[in-house]
Amino acid sequence: MRKTAWADTPVPPLRGKQLAALRAIASTPGGLRITAYPSAMSLLVEMGLVEERPASRTAHREGRAWFLTVEGRETVKAYGVDAP
């Protein structure tokens, strides 16, 4: 179990959709569309691994996208960018 960035409550290790979402964001430097992985993002945001902010490309109709935080980048490095 890990601690979240914003609280002292333990969180489960990343797996499944959460890990896939984190890897997808890592592979999309311009930001992952805001509608991607809707069921996984709330936990990743709560853990402080991703944040929603203005998209850096105009390709996103929503104008906002998901981006990794510093902790998110470190987590991707620890888990690896490819599925095992």
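Please work out if ALA36 is modelled with pLDDT of 90 or more, within 14 Å of the chain's Cα centre (by Cα) and surrounded by 19 or more Cβ atoms within 10 Å (Cβ to Cβ). Answer is no for this residue. Has segment 46-60 got at least one residue that is modelled with pLDDT of 80 or more, out of contact with any His (no Cβ under 9 Å at 6 or more places or on another chain) and part of a helix (DSSP H, G or I)? Taking every residue of segment 46-60 in turn, at least one turns out to be modelled with pLDDT of 80 or more, out of contact with any His (no Cβ under 9 Å at 6 or more places or on another chain) and part of a helix (DSSP H, G or I).
The values are calculated or read from the model by the stated rules, or taken from the named source; none is laboratory data. Quick caveat: nothing in here was measured; it's all calculated off a predicted structure. Glycine also receives a Cβ, built like all others from the backbone with ideal geometry; neighbour counts cover every protein chain displayed.
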